[in-house]
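The values are calculated or read from the model by the stated rules, or taken from the named source; none is laboratory data. The model shown is predicted, which means the values in this text are computed figures rather than measured ones. Virtual Cβ from ideal backbone geometry, glycine too; neighbours counted across all protein chains shown. Ligands, DNA and RNA are stripped out before the accessible areas are found, and what is left, the full protein with its side chains, is counted by its heavy atoms. Shrake-Rupley method; radii C 1.70, N 1.55, O 1.52, S 1.80 Å.
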Amino acid sequence: AEEQAAFDSAKARWQRLIYGDIPDVTISTPFPAGTCGGGTPAISGFIDDVRIYAFIDSIDGPGNILGQAGPCLVRNSDNLPGVGVMHFDSADVADLIGLGQFSEVILHEMGHVLGFGTVWSDLGLLIGPRRQGGTDPHFVGAQALAQFETNGGAAYSLGARVPVENCLSPPPNTPCGAGSYDAHWRETTFVSELMTPYIDDGA
């Protein structure tokens, strides 16, 4: 029940933040079971905006990767996610609940399913990605640039705006790799923002 409540809370939070609408779709020819990874069902029928499957299962033991997520089917019309999967490490869930952080991890991973860091390249919004040899990946969405400037980024001079994780200065003793760079805000700039690659104490 506690885990279900955390999922419901994250869903409601994103629904308050993203209040626009995109057309519903109907999948008349089903995608077979396993299309979105092991254990996922066949995908068919009516989808109102986005459908998300969530799993709590083993990933890598306690610590390190708490969860991973992203879209598995995107809409042909606009490259926005239609179906996605969130996977949480069963070795970490109890501790996250005890620390009051499970809801935030779900909120973060749900953001990836909704496209944060996962469809940026397809939409032409990620410049200089690390996976192509870049050292200063940055996001160029107009509204993000405006909000970055408004919320303290006007004086930012360490590179291009808005800085995306490059894994060149990760926190001490914390791995930073392909699951982190090009898909999150830069930790050294944003620190405790929801969509950096590391969870932080406090608000």
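Observations on the structure shown:
- Per-region count, the stretch 78-123, residues within 10 Å of the chain's Cα centre (by Cα) and of a type in the set (Phe, Trp, Tyr): 1
- Looking only at the stretch 120-144, and only at residues there that are over 17 Å from SER180 (Cβ atoms) and among the aliphatic types (A, V, I, L, M), the one that is least open to solvent (accessible area, probe 1.4 Å): ALA144
- Residues that are over 17 Å from GLY134 (Cβ atoms), surrounded by 12 or more Cβ atoms within 10 Å (Cβ to Cβ) and among the polar types (S, T, N, Q), drawn from the stretch 154-203: THR174, SER192, THR196
- In the stretch 1-11, the residues that are in contact (Cβ under 8 Å) with a residue 60 or more places away in the chain and either open to solvent by 100 Å² or more (accessible area, probe 1.4 Å) or not in a helix (DSSP H, G or I) (or both): GLU2, LYS11
- Here the stretch 12-57 is the region considered, the condition is being farther than 18 Å from CYS72 by Cα and outside any loop (DSSP other than H, G, I, E, B), and the residue that is most open to solvent (accessible area, probe 1.4 Å) is ARG16.
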